[in-house]
Amino acid sequence: MTTLHDRLNELADDVPASGATGDLDADLWKRGKRLQRRRQVASASFAAVLVLAVGSLATVVVDATSGPELPAADADTTLALPDELYLASPWANGTEETGPIGPLAALVGAERRTFWGDSTLGVTGVTPTGDYAFLDLESRAETYDVDPGVKLSADGERVAYLLTGETDEEANTFRGDPVVGLAVLDTVTGTTTEQRIPTDHGLEVDDFTWIGDTLVMRYSQYLTFEEGSSTSTRPVLLRWNLKTGAADAGLPRSSYPDLFESAPAGDRVVVTTGRRTFVIVSADGETEPGPRLDVATDSPVFLSPDGRRLATNKDPDGPHTVSNLAGPVVVGPATGAGAGTTRKVEPVVIEQQEDGETMTGSVSSVSSVEAAVVGWRDNDHLVVAAGDGYEVIDVTDVTLGFTEPLVTLPQAYGMQPQVAADALQAPTFAAAEPDGPGDPRRILWLGGGLLVTLAGAAFWRFRVRL
Amino acid sequence: MSGSEAERVDFEEFVRGRRRALLRTAYLLTGQHADAEDLVQAALIKAVPHWRKISDNPEPYVRRILARESVSRWRRRRWREISSDDLPDGALQDPDVAAREDLRRALAGLAPRQRAVIVLRYFEDLSEAETADSLGIAVGTVKSQTRDALRVLRERMPALGDRGRPGASRVAAPGRGGLR
């Protein structure tokens, strides 16, 4: 029986017997060696190209995912005011990476994301050069009690925030992290100072305010850890002088007027105490009454740097109402015979239309929201929040009231942007959008793509060699 | 004698000793004498860069190159040869010559990989696993390619299936004896 094997053998017998092949065999060896050399050159070239490609790719990725170098902190840095604030990249560096970044012109809330996709409400510090870094605020309490729970000092060198930590007994966490005190990040040295208040279940904080170098916080103690827990009936105050380190907890509430609606005035604050009255409060609680206003107000009263002018927002619907809407801006002398006598300022904005025409109108007619006084740029120019930023009004010509844009603000994210009070009086500069680092997860995507490419290339090399 | 020179001598010795055996396999893979010669030369040239590693037992490696090269050459050149080495009619009257020519034509009608599988399995007597390894394909592919190739061979060479057991649809596996 003939098998396929036999038949194939018979067919293979058609191959003629080989003759002398000496030269041919030597030629095969030479050609094989030439092939080997060609392959070595090709492999070396391939490796060089690969190294070049990987190097270029890595450079691109590193450039795309690392933030800009921030200048080192310097206490002598003078404040400057960016003409626009931005939302930083969610992957911008934190101060743990950058180190202290120096005095801040502003704080801006922004989304902060991690490599693993977690998203939190972060706080970015904006330097006088327009750089951004997330503030790594150690043991920061995230709570509904105070909005915002972060406050920038007037000089931009300190950031105060609510401190969380261990309570003596079970903590009341129904409004967020239990608050156990205050902490302050020194933006120049990078150090954090804490002021803890002994507490069984945590503190309910009403508010806290900078008065020069001093922080004053009004708080109560939670009585239990349960939801809806009442607090001690009498709120008390913490006074903490950051310069001396002296701290007094449990001060009677009457030690200071209600600081909720205060406006910075040098190393003091101005507090509206009645519908037509205000006082100037020093860090130790001493008060100096201001002149009685001829209009009612529910808003803070701002004194010009020389103390000779005051500005506020008139209560739009007069006294004895519950409305707290900001009414028209009023300006008047703070000293002298006519002190407290105000005049209405109608900030006028000029808007450039798409067709090149300009439109002029009052802030209220353009934005339907009254301008709100936020401070003084100098003795003659008032800063108001209007539209999507801050505008400056020349108060020497209150009949005209034209405004100049000062700072364009980003959409609030978690907290309203805060501009350091001193920065309002600093020179401005054109601020470009920060070069935020890109999504670091691109490294994974690119790395994966590179691996696939390398595997494909290796497979191809293996395949062609056989 | 330098190491490289010794390798060269070793290589040439191998070529002299095994050229014909390799040509026989190559001829079955290509169906053409000239192509078989080219294929063997190409395989030997490709073996040279690896000679130091394979010199102890070079033949399996060279045959592996032979098998894969026969498939990849066809892919590259997209030729599928129809025999031009037709024998004169007189020669075909010899039943043995005619049977070999039938087989050659039947092999030429197979896809290159099917032909390689048949040659490795039924001429080289490799197992399915060895055949898969030589061609760089899965064992399952070897099985399916063998099955398909045998079916084509039976269709083109009815005598292949009729001899031994009339009407039988199977062909003997290597080493199992007759053509069934």
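The values are calculated or read from the model by the stated rules, or taken from the named source; none is laboratory data. Quick caveat, the model's predicted, so the values are computed rather than measured. All Cβ positions, glycine included, derive from the backbone under ideal geometry; neighbour counts span all protein chains shown. Only protein heavy atoms, including side chains, enter the accessible area calculation; ligands, DNA and RNA are left aside. Shrake-Rupley method; radii C 1.70, N 1.55, O 1.52, S 1.80 Å.
When every residue of the stretch A:407-430 is checked against the conditions, at least one turns out to be open to solvent by 40 Å² or more (accessible area, probe 1.4 Å), among the small types (Gly, Ala, Ser), modelled with pLDDT of 90 or more and farther than 18 Å from A:Phe134 by Cα. On the stretch given as the stretch B:55-75, residues that are more than 9 Å from chain A (Cβ to nearest Cβ) and either outside any helix (DSSP H, G or I) or open to solvent by less than 20 Å² (accessible area, probe 1.4 Å) (or both) total 9. Regarding B:Arg8, is this residue open to solvent by 20 Å² or more (accessible area, probe 1.4 Å), out of contact with any Gly (no Cβ under 8 Å at 6 or more places or on another chain) and at the interface with chain A (Cβ under 7 Å from one of its Cβ atoms)? Answer is yes for this residue.
When you check A:Leu81 against the structure, is it in contact with a helix residue (DSSP H, G or I) (Cβ under 8 Å, 6 or more places away or on another chain), more than 14 Å from every other protein chain (Cβ to nearest Cβ) and modelled with pLDDT of 85 or more, yes or no? Criteria met by A:Leu81. Looking at the stretch A:88-131, which of its residues are under 21 Å from A:Leu424 (Cβ atoms) and either open to solvent by 60 Å² or more (accessible area, probe 1.4 Å) or of a type in the set (Lys, Arg) (or both)? Of everything in the stretch A:88-131, just one residue is under 21 Å from A:Leu424 (Cβ atoms) and either open to solvent by 60 Å² or more (accessible area, probe 1.4 Å) or of a type in the set (Lys, Arg) (or both), namely A:Thr129.
Here's the yes/no breakdown for (1) farther than 22 Å from A:Gly245 by Cα; (2) part of a strand (DSSP E or B); (3) of a type in the set (Asp, Glu):
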| site | (1), (2), (3) |
| --- | --- |
| A:Glu97 | yes, no, yes |
| A:Leu107 | yes, yes, no |
| A:Gly130 | yes, no, no |
| A:Asp155 | no, no, yes |
| A:Leu162 | no, yes, no |
| A:Asp168 | yes, no, yes |
| A:Thr173 | yes, no, no |
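Against the definition (touching a strand residue (DSSP E or B) at 6+ places or on another chain (Cβ under 9 Å) and either assigned to a loop (DSSP other than H, G, I, E, B) or modelled with pLDDT of 85 or more (or both)), how does A:Pro300 come out, yes or no? Yes: the conditions hold for A:Pro300. For the stretch A:246-263, a residue qualifies if it is in a loop (DSSP other than H, G, I, E, B) and either closer than 23 Å to A:Pro178 by Cα or in contact (Cβ under 8 Å) with a residue 12 or more places away in the chain (or both), and the qualifying residues are A:Tyr256, A:Pro257, A:Asp258, A:Leu259, A:Phe260, A:Glu261. The sole residue among B:Lys46, B:Lys53 that is touching a helix residue (DSSP H, G or I) at 6+ places or on another chain (Cβ under 7 Å) and without any contact (Cβ under 8 Å) to a residue 60 or more places away in the chain is B:Lys46.
Scanning the stretch A:264-275 for residues that are open to solvent by less than 30 Å² (accessible area, probe 1.4 Å) and not in a strand (DSSP E or B) turns up at least one hit. Kindly establish whether B:Leu160 is modelled with pLDDT under 90, under 16 Å from A:Glu10 (Cα atoms), surrounded by 14 or more Cβ atoms within 10 Å (Cβ to Cβ) and away from every other protein chain (no Cβ under 11 Å). When the stated conditions are applied, B:Leu160 does not pass them.
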